[in-house]
Amino acid sequence: MHHPELVSVCSEGLRDARMARSRDLFTNPYSFRTGLDSPAIMALTFDLWNTLYAADGGYDTVRPRRVQALRRMLAAGGAHPTEDEMEQTFRSGFDAYMEAWTAGRHYGAHHQVLHFLDRFGVDPAAIAEETVSRTVHDIEDASRSARLELLPGVRETIPALAAAGYRLGIISDTSLTPGRVLREFLAADGLLDCFSVLTFSDETGYPKPDRRMFESTLATLGAEPGRAAHVGDTPRTDIAGAKAVGMVAIRCAGTADHQEPPEADFVIRDHREIAAILERLR
């Protein structure tokens, strides 16, 4: 049982003190291990966007590749939209994604392709199935050209937690960038092997806050919800989903500071602050 105490990091003095304590803990990973004799928390799961990686920026090379793939498919169906029409359809596609996400439905590259075909009156049956499949694949693979940026403290914290014996997982919604591509980014940053399980919505078929996202991940980690914490940025999906299954909920407010309900048990702006939270929960 954990206390719903909101840890604020707005005060610079308080934050500096906690960061100093966090640095001390991370200096020697075995300081974590000592706490594992009878840990309150033995497993941590993380959202990906705006938690491990910043969701804004780094995608300026991705959109042109997706436009090219979609234009090639539309041309096969006899449609040749203008630049403005393509831009408007990307915007309405984003609206469709938000509607699906809010309703608890996954929305991926396949849905984006169908949205463009519908918008320009192209019957999917009139296009070779392999053309549609290749377009979906090309839209997803375009993400490989992105330059993703890790949020503060991630590069230091994740390996330190893994080395200390904590069981780590990722629970993240995806859209046009699928789990298979996100694994490549994590591997390139030397973080993939730190995680024992990665749960992505394009692979499960349902997004957070569906409790199955959390329960299946915890089952694979071999951790009871009461001894696990989830770190994420979005109250409606991350915080609500974690609380629904009985996990400690930690809101990452480093990039997109969503302050709507439900309240998290703790709030961080730098992942190095997680060490101090784990120390409090021992």
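Some notes on this structure:
- Enumeration of residues in the stretch 95-113 that are surrounded by 14 or more Cβ atoms within 10 Å (Cβ to Cβ) and part of a helix (DSSP H, G or I): ALA96, TYR97, ALA100, TRP101, ALA109, HIS110, HIS111, GLN112, VAL113
- Residue match in the stretch 183-194 (condition: more than 25 Å from ALA275 (Cα to Cα), at pLDDT 95 or above, more than 13 Å from the chain's Cα centre (by Cα) and not polar (S, T, N, Q)): yes
- From GLY190, GLY179, residue being surrounded by fewer than 17 Cβ atoms within 10 Å (Cβ to Cβ), assigned by TED's automatic domain parsing to the domain that holds MET42 and over 27 Å from GLU263 (Cα atoms): GLY190
- Selected residue (criterion: farthest from the chain's Cα centre (by Cα)) from residues of the stretch 234-244 that are crowded, with 19+ Cβ neighbours inside 10 Å and assigned to a helix (DSSP H, G or I): LYS243
- The residues on offer are GLU224, GLU263, and the sole one that is more than 17 Å from the chain's Cα centre (by Cα), in contact (Cβ under 8 Å) with a residue 60 or more places away in the chain and more than 18 Å from ILE158 (Cβ to Cβ) is GLU263.
- Single condition GLU140 does not satisfy, out of (1) modelled with pLDDT under 95; (2) within 27 Å of MET213 (Cβ to Cβ): (1)
The values are calculated or read from the model by the stated rules, or taken from the named source; none is laboratory data. Keep in mind that what you see is a predicted model, and the values were worked out from it rather than measured. Methodologically, a virtual Cβ is constructed for each residue, glycine included, from the backbone with ideal geometry; neighbour enumeration extends over all protein chains shown.
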